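*Asks:* Questions regarding the structure given below will be posed in turn.
Just so you know, all these numbers are worked out from the coordinates, no wet-lab data involved. Since this is a predicted model, take the numbers as computed values, not measurements. Glycine also receives a Cβ, built like all others from the backbone with ideal geometry; neighbour counts cover every protein chain displayed.
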Amino acid sequence: MSKRNFDRHIQQQIQMASSLTMVKKPKLCNISPAIPKGKSLSIQSPSAVGEQAEDVADIPLICNMSYTHFTESINFLNKDDDNNYKKSKLVDSLKKIISKYHVSHNFVNELLLILREEGLDLPKNARVLLNTPKHQSIIQINPGSYIHLGIKTMMFPILTTFISDFCNTSIIKLSLNIDGLPISKSSKACFWPILISIINNTKLSKLIIPIGIYHDKYKKPDCISEFLNPFVTEMNDLITNGFYINKQKFTFEISQIICDAPAKAFILNVKQFNADHGCNSCIEEGTFLNRMTFLGMDSELRTDKSFRENLM
Ligand SMILES: [Zn+2]
């Protein structure tokens with residue numbers, strides 16, 4: 001999108017926000033009055049959650065949102081003050097198009113300056129507008145780095161908004177996906193995201209929620225235990241103790257893990273499917289006949305102990 005078109009788009013958004021005198025408030029579902037402060041997360045726009053509950057397919061995977069912003073936006077929507085509501089709509093609209101068209105922060109800063117001179121109550125710079133988190137705990141997982149966004153932190157606003165859809169069940173069934181993905185054609189830089197989705201709710205089943213992301217310039221994590229440790233620790237806690245929203249207890253279970261063959265071997269910490277001992281069921285040694293084949297029919301089966309001790 002050209003700068004001119006972007007300017008025009010902004011003007012339309014401002015006009016739209018200015019004409020919102022009789023706008024019906026989005027109906028939010030039973031928002032919790034007491035939301036703990038001080039946490040941050042990346043999640044989709046709360047207005048998108050509130051207004052278009054039926055259509056979550058368009059919700060972006062990640063955009064710059066903070067937990068504080070989420071609660072503030074809900075407060076805006078709950079207030080009777082029209083000005084706050086208009087400002088919230090304007091800020092939300094600006095954030096959406098800035099994320100959509102990957103506009104530079106320098107451009108946004110200048111645009112905000114112009115809009116402020118026109119009398120609009122907006123922040124001075126892009127980072128405040130987008131609620132870019134100031135601190136992220138990025139940890140070292142050799143040979144790269146890892147950020148754990150957190151299951152609770154990511155799930156809380158979603159479950160809070162859609163809590164009425166869970167009146168029949170308090171079990172959250174999760175689908176887990178872990179895979180490596182290249183992030184450029186000119187280098188070996190890669191991401192290994194841990195993604196989950198809720199599979200026992202049709203509204204939310206298309207929503208992909210990132211829980212943690214590993215990054216390195218060259219390769220995947222050296223140690224699968226180290227990579228999965230933050231996720232496994234938090235997941236164990238959720239499975240054991242559950243999670244409360246509005247005094248309603250939610251329990252979690254992992255119903256399925258979806259991986260391709262290389263990722264499966266990586267997560268199970270076993271040899272790849274084409275290795276000499278590549279069978280995950282038994283200890284049969286493979287024979288190479290144009291491709292790796294496992295000819296034995298009655299080899300000793302692998303056990304939980306043999307997996308854990310990493311035997312062959
Ligand atoms: Zn086998």
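*Asks:* Mind ordering 140-151, 124-135 by average Cβ neighbours within 10 Å, highest first?
*Replies:* 140-151, 124-135
*Asks:* Treating each Cα of segment 87-144 as an identical point scatterer and ignoring solvent, apply the Debye formula and state log10 I(q)/I(0) at q = 0.13, 0.22 Å⁻¹.
*Replies:* Listed by q, the Debye log ratios stand at -0.41, -0.86.
*Asks:* Where Lys and Arg each count +1 and Asp and Glu each count -1, what net charge lies around ILE98 among other residues with Cβ under 12 Å from its Cβ?
*Replies:* Numbers: positive: LYS95, LYS96, LYS100, ARG127; negative: ASP92.
Here the charged neighbours net out to +3.
*Asks:* Over 22 Å between C-alpha atoms is what I'm after, so list which of LYS95/LYS220; LYS185/LYS264; LYS96/LYS173; LYS188/LYS220 land there. Could the numbers behind the result be given before it?
*Replies:* Numbers: LYS95/LYS220 33 Å; LYS185/LYS264 24 Å; LYS96/LYS173 30 Å; LYS188/LYS220 10 Å.
From the list (LYS95/LYS220; LYS185/LYS264; LYS96/LYS173; LYS188/LYS220), the Cα-Cα distance tops 22 Å for LYS95/LYS220; LYS185/LYS264; LYS96/LYS173.
*Asks:* Given a cut-off of 16 Å, what percent of all Cα-Cα pairs of segment 172-295 lie beyond it? Spell out each step's value before the answer.
*Replies:* Values: 5393 of 7626 pairs.
The proportion of pairs with Cα distances above 16 Å equals 71 percent.
*Asks:* Subtracting the Cα-Cα distance from 0.36 nm times the residue separation, let me have the gained length for ARG291 to ASN229 in nm, one decimal. Don't jump to the answer; show the numbers that get you there.
*Replies:* Numbers: separation 62, 0.36 × 62 = 22.32 nm, distance 3.51 nm.
Full-extension gain reported as 18.8 nm.
*Asks:* Once the convex hull of the alpha carbons of segment 108-215 is built, what does its volume come to per residue, in cubic angstrom?
*Replies:* Details: hull volume 18.5 nm³, N = 108.
Value for segment 108-215: 171 Å³ per residue.
*Asks:* Just to confirm a number: summing +1 for Lys and Arg and -1 for Asp and Glu over residues other than SER187 whose beta-carbon lies under 12 angstrom from that of SER187, what do you get?
*Replies:* Details: positive: LYS185, LYS188, LYS217, LYS219; negative: ASP216.
Summing Lys/Arg as +1 and Asp/Glu as -1 gives +3.
*Asks:* Could you work out Rg/(2.2 N^0.38 Å) for segment 252-312, with Rg from alpha carbons only? Each step should come with its number before you reach the end.
*Replies:* Working: Rg = 12.9 Å, N = 61, 2.2 N^0.38 = 10.5 Å.
Relative to the 2.2 N^0.38 Å estimate, segment 252-312 comes out at 1.23.
*Asks:* Dividing the Cα radius of gyration by the Kirkwood radius, what Rg/Rh value follows for segment 134-197? Write down the numbers at each step before the final one.
*Replies:* Working: Rg = 16.0 Å, Rh = 14.7 Å.
Across segment 134-197, the Cα-based Rg/Rh ratio is 1.09.
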